[in-house]
Amino acid sequence: MIVSWNWLKDYVRLDMSAEEFASRLMMAGLNHESTEAVGDDLAIDLEVTSNRPDCLGHIGIAREAAVLWKRELQLPKAQPQEEKTPAGEIVDVAIECDELCIRYSARVIRGMKIGPSPDWMARRLETLGIARVNNLVDVTNYVLMETGQPLHAFDLARLAGSRIIVRRAKKGEKFLAINHKEYELDESMCVIADARRPVAVGGVMGGADTEVTAGTIDVLLECAAFDPQSIRTTARALSLHSPSSYRFERGVDVANVDWVSRRAAELILETSGGTLCAGAVDRGSWTDSRAPVTLRLSQLPRILGITIEPPTVRNILAALGSEVVKADDNRVEVIPPTWRRDLTREIDLVEEVARIHGYDKIPEDVRVPMVSSGRRREDRVLADVRAILVAAGMDEAMTISAVEEPWSEAFSPWSDRAALVCATPVLRRADRLRRSIVPSLLGARRGNEALSNPNIDLFEIAHVYLPQPQGMPREERMLAIAGGGDYFALKGVLEAICQGIAPAAVLEIADTAQPLLAPPRCCELRLGGEVWGYLGEVSDAAREQFELRSPATVAEVRIAPLIEHAQLIRKLSEPSPYPAVSRDYNFVFDERIRWADVAAAVAQAGGELVESVVYQETYRDAKRLGQGKKSLVFGISLRSHQGTLTREEADEVCGRIEQRLRDGLGGELRT
């Protein structure tokens, strides 16, 4: 927000230097970007945060200065002289979409003369970088920069039926803006229409059909308030941004609409002549209802670390425009001003008192009472997951939540419903809210391959958006991993996560068929009896789709089961001081038998004496083993905590294991 130093002096006495002024405002929350000389004036650039739309005009900045330096704020009276003819006899206004247009005020000025604006007004606008146009347009720009409230003037003679209808646009309706570009509208957008066609996109830009020209004599002056979200959505959808939409997106002071309208009319009469019809046609369903907010004075030392006297607190809040309802030595209850919609909680008032009183008055060594808070269960689990993955040599990625349609369809194991479509793509063609994180990671892997990065093992923890039959999508947090081509290595990482976080939950493997994954090295993972996720090597067709040069293995698992089964209290387990007994096996199984089934059978049969089961190799030979058979080579390690295992004890355990593999899985021991 650029403000004119000379212009500010119209509203508040400024007897300090511009440097001191900018520095004090910066300490109060309005960061100073720069100060440049423009003629005999100074253009001061201030950063205004999105919660302070009241400071997007000179009066708002002057109000801040008046409070900080305890000066009187002087505002124009805005009392233009009116003729007897009521505005309601000249124009008619109707609002058909109260949810999009909160208030609409129309005034009529007749018999004016379009010409150049006065030098004092042009110079002030030029200080802000706004070129002069004519006396009418310059007034609307002037009042916009004075108050932060946008206005628009229509040529009354070009309004069909002398009517204003605030309504939703019709699907496919065309609109020619004052930039002489045509836009196609939809039902989500608010338009200002006359009896025949749209003449403006509400809160964004006026139309070419009714713009003011050198021949304009009578005008309808619009001053309105629109729904901020609607304006933001419309401006982005049309890629049509303006100083007006910038302010409407952040919210304007609805209660100030009439004053701003009178102020603009006053300046139009002063610079353009003409007569103003009596009153305004004011429509809208808004109400000036504001809930009181209570500030407990005991909160100031608790939060700020300093005590501020009750009269000082009351004076600060009153100077900011708040109406003091109740006040004593313990609390202050106020109704915030209409231009401060951000003051809704006690902590908001604490912040206002602190910044006006001065952050520099809070000692650096002040002791603020603080109570430590524990991390949530979810945060602790995610921290452990990240630690395991980083220890496995992986890097965490952060990708956007929207993907292009082919990627969205490539992998969606969690939902068969069509992905939600964004009205405006986040990136080029990326307009589908993702139902899986895996395609995003494969895209990141492709980008790293293009840069010849040697190690591309990535993981991401983020939400997916699963469409529902009705209402909003269901969001669920997922962990996705995209690594190199080693299926068993990635399976081992997932097993490490389970063993490290949820050791009591049983991890099971089941068959699956996913278009992205290549059988037989793909599976469904179950944790604690429920579906946990999917793991598999990327198929050749999928590698071609994602333009991957090297093999890749991916996994995607749900975070919720991990949180549910997590054991957050670690239990110390002392290693056995006794030696282990190792045995190697070569068993022949049917192709349908998974290694996970074999490992589980060995662990169950051997009990607590089985320290580890290590896969070594798979061998297939139809002539030697038979059709549909495979040989699994693996090793087991047995160890006891009570003493050294004897040969007889080890043989007994191994006998149980061999019997279990024969009877339970149909295995045949090769010797």
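The values are calculated or read from the model by the stated rules, or taken from the named source; none is laboratory data. Being a predicted model, the structure only gives us computed values, none of them experimental. Here the Cβ positions follow ideal geometry from the backbone for every residue, glycine too, while neighbour counts run over all protein chains shown. These accessible areas exclude ligands, DNA and RNA; they are computed on the full protein's heavy atoms, side chains included. Shrake-Rupley method; radii C 1.70, N 1.55, O 1.52, S 1.80 Å.
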List pairs: first in region 202-215 and under 11 Å from L151 (Cα atoms), second in a loop (DSSP other than H, G, I, E, B) and open to solvent by 50 Å² or more (accessible area, probe 1.4 Å), Cβ under 6 Å, 6+ apart or cross-chain? G206/I178
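Looking at E508, E544, E524, which is the one that is in contact with a strand residue (DSSP E or B) (Cβ under 7 Å, 6 or more places away or on another chain) and without any contact (Cβ under 8 Å) to a residue 60 or more places away in the chain?
Numbers: E508 fails: without any contact (Cβ under 8 Å) to a residue 60 or more places away in the chain; E544 fails: in contact with a strand residue (DSSP E or B) (Cβ under 7 Å, 6 or more places away or on another chain).
E524 is the lone residue from the list that is in contact with a strand residue (DSSP E or B) (Cβ under 7 Å, 6 or more places away or on another chain) and without any contact (Cβ under 8 Å) to a residue 60 or more places away in the chain.
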Selection within region 344-383 - open to solvent by 50 Å² or more (accessible area, probe 1.4 Å), β-branched (V, I, T) and not in a helix (DSSP H, G or I): T344, V368, V371
Which condition does E544 not pass, out of (1) within 34 Å of the chain's Cα centre (by Cα); (2) within 25 Å of Y465 (Cα to Cα); (3) surrounded by fewer than 22 Cβ atoms within 10 Å (Cβ to Cβ), if it passes all the others? (2)
Does I306 meet the test of being at pLDDT below 95, closer than 28 Å to R71 by Cβ and either open to solvent by 20 Å² or more (accessible area, probe 1.4 Å) or of a type in the set (S, T, N, Q) (or both)? yes
Taking first residues from region 220-243 that are under 11 Å from C190 (Cβ atoms) and second residues anywhere that are outside any strand (DSSP E or B) and among the polar types (S, T, N, Q), the pairs with Cβ under 8 Å that are 6 or more apart or on different chains are S230/S188; I231/S245; T233/S188; T234/S188; T234/S245
Restrict the check to region 659-670 and report whether at least one residue is in contact (Cβ under 8 Å) with a residue 40 or more places away in the chain, of a type in the set (A, V, I, L, M) and under 25 Å from L507 (Cα atoms). yes
So, in region 162-191, exactly how many residues are open to solvent by less than 20 Å² (accessible area, probe 1.4 Å) and not in a strand (DSSP E or B)? 3
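In region 472-496, what residues are in a helix (DSSP H, G or I) and either surrounded by fewer than 18 Cβ atoms within 10 Å (Cβ to Cβ) or within 21 Å of the chain's Cα centre (by Cα) (or both)? Before you say what the answer is, go through the steps one by one.
Of all residues in region 472-496, those in a helix (DSSP H, G or I) come to 487-496.
F488, A489, G492, E495, A496, listed by residue number.
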Is there a residue being polar (S, T, N, Q) and over 17 Å from F248 (Cα atoms) anywhere in region 141-156? no
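Scan region 545-571 for residues that are outside any loop (DSSP other than H, G, I, E, B) and within 23 Å of L441 (Cα to Cα) and report the count.
At the first step, the residues of region 545-571 found to be outside any loop (DSSP other than H, G, I, E, B) are 545, 553-558, 560-565.
Right, trim to within 23 Å of L441 (Cα to Cα) and you get 545, 553-558, 560-562.
Here the count works out to 10.
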Elements of type strands (runs of 3 or more DSSP E) contained in region 86-161, each with 2 or more residues being open to solvent by 40 Å² or more (accessible area, probe 1.4 Å): 101-110
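Consider T140 carefully, then state whether it is under 39 Å from the mean Cα position of the chain (by Cα), closer than 23 Å to C190 by Cα and β-branched (V, I, T). Before you say what the answer is, go through the steps one by one.
Details: under 39 Å from the mean Cα position of the chain (by Cα): yes; closer than 23 Å to C190 by Cα: yes; β-branched (V, I, T): yes.
In short, yes.
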Kindly check whether there is at least one residue in region 599-616 that is of a type in the set (S, T, Y), under 51 Å from the mean Cα position of the chain (by Cα) and more than 20 Å from R526 (Cα to Cα). yes
Based on what the data block shows, is A264 closer than 21 Å to S188 by Cβ, modelled with pLDDT of 95 or more and crowded, with 22+ Cβ neighbours inside 10 Å? no
In region 283-295, which residue that is surrounded by 14 or more Cβ atoms within 10 Å (Cβ to Cβ) and out of contact with any helix residue (DSSP H, G or I) (no Cβ under 7 Å at 6 or more places or on another chain) is farthest from G115 (Cα to Cα)? R290
Can you tell me which residues in region 604-631 are among the small types (G, A, S) and buried (at least 17 other Cβ atoms within 10 Å of the Cβ)? A605, G606, S631
Looking at V38 and the list (1) surrounded by fewer than 19 Cβ atoms within 10 Å (Cβ to Cβ); (2) within 22 Å of R250 (Cα to Cα); (3) not charged (D, E, K, R), which single condition is not satisfied? (2)
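Output yes when any residue across region 113-121 is within 21 Å of P243 (Cα to Cα) and of a type in the set (F, W, Y), and no when none is.
no
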Condition first: open to solvent by 60 Å² or more (accessible area, probe 1.4 Å), within 21 Å of S401 (Cα to Cα), free of Cβ contacts under 8 Å to residues at least 24 places away in the same chain and outside any loop (DSSP other than H, G, I, E, B). Can you find one or more residues in region 448-471 that meet it? no
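Residue by residue through region 497-527, note down the ones that are outside any loop (DSSP other than H, G, I, E, B) and open to solvent by 70 Å² or more (accessible area, probe 1.4 Å).
So in region 497-527, the residues outside any loop (DSSP other than H, G, I, E, B) come out as 497-501, 507-510, 517-527.
The answer is Q499, E508, P519, P520, R521, R526.
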Residue under evaluation R196, criteria (1) without any contact (Cβ under 8 Å) to a residue 40 or more places away in the chain; (2) open to solvent by 50 Å² or more (accessible area, probe 1.4 Å); (3) part of a strand (DSSP E or B), criterion not met: (3)
Given the conditions (1) assigned to a loop (DSSP other than H, G, I, E, B); (2) open to solvent by 60 Å² or more (accessible area, probe 1.4 Å); (3) of a type in the set (S, T, N, Q); (4) closer than 27 Å to S576 by Cα, every one holds for T671 apart from (4)
Among the numbered criteria (1) open to solvent by 70 Å² or more (accessible area, probe 1.4 Å); (2) on the phi < 0 side of the Ramachandran plot, which one does I2 miss? (1)
